[in-house]
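Novice: Please see the structure below; I have some questions.
The values are calculated or read from the model by the stated rules, or taken from the named source; none is laboratory data. Quick caveat, the model's predicted, so the values are computed rather than measured. Glycine also receives a Cβ, built like all others from the backbone with ideal geometry; neighbour counts cover every protein chain displayed.
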Amino acid sequence: MAGLADNPVLQSFDADKDGRVTAAEAEAGVTALLTAHDADKSGTLSEAEFGALFAEVTKSMAARPFAMLDDDGDNVISAEQMTFPVKMMARMGRLTDIPVTQPVQP
């Protein structure tokens with residue numbers, strides 16, 4: 001199972017390429033990410049700017065679930081492939097009604 005250590009963004013924080021990310025390297029890496037995504041140079045991130053940063057940081061995390069859904073290996077996911085897990089959960093009785101009238105609390 002891939003973890004944070006497999007994330008290319010986190011790996012890029014390893015400035016001295018010793019295979020470890022120190023607190024100082026992590027802080028410098030995060031600062032660089034914030035600077036790179038602060039499009040309006042305000043010193044803060046808007047929701048849109050944060051969305052771009054989040055998309056970059058989590059991009060590699062999509063590879064495994066994508067590969068699992070792309071069961072024929074053609075590098076695209078069809079509607080049938082996308083809904084297959086839901087159908088299987090329903091068949092197994094693990095899919096229950098989810099109320100959508102109440103917001104989900106984190």
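Novice: Restricting the range 23-47 to residues that are assigned to a helix (DSSP H, G or I) and surrounded by fewer than 11 Cβ atoms within 10 Å (Cβ to Cβ), which is nearest to the chain's Cα centre (by Cα)?
Specialist: The residue in question is E47.
Novice: Tell me which residues, restricted to the range 51-94, are surrounded by 13 or more Cβ atoms within 10 Å (Cβ to Cβ), more than 13 Å from the chain's Cα centre (by Cα) and under 30 Å from A36 (Cβ atoms).
Specialist: Of everything in the range 51-94, just one residue is surrounded by 13 or more Cβ atoms within 10 Å (Cβ to Cβ), more than 13 Å from the chain's Cα centre (by Cα) and under 30 Å from A36 (Cβ atoms), namely I77.
Novice: If you don't mind, another one. List pairs: first residue in the range 25-43 and within 12 Å of S12 (Cα to Cα), second residue among the small types (G, A, S) and not in a helix (DSSP H, G or I) anywhere in the structure, Cβ distance under 9 angstrom, at least six positions apart or on different chains.
Specialist: E25/A15; A28/A15; G29/A15
Novice: What number goes with the only condition from (1) surrounded by 10 or more Cβ atoms within 10 Å (Cβ to Cβ); (2) within 21 Å of the chain's Cα centre (by Cα); (3) at pLDDT 80 or above that A15 does not pass?
Specialist: Every listed condition holds for A15 apart from (2).
Novice: Let me ask something additional. I'd like to verify a number: residues in the range 48-78 that are assigned to a loop (DSSP other than H, G, I, E, B) and of a type in the set (S, T, Y), how many?
Specialist: Of the residues in that region, 1 qualify.
Novice: Something else about it: Looking only at the range 1-12, filter to residues that are part of a helix (DSSP H, G or I) and surrounded by 14 or more Cβ atoms within 10 Å (Cβ to Cβ); which one of those is modelled with the highest pLDDT?
Specialist: Checking each candidate, the answer is Q11.
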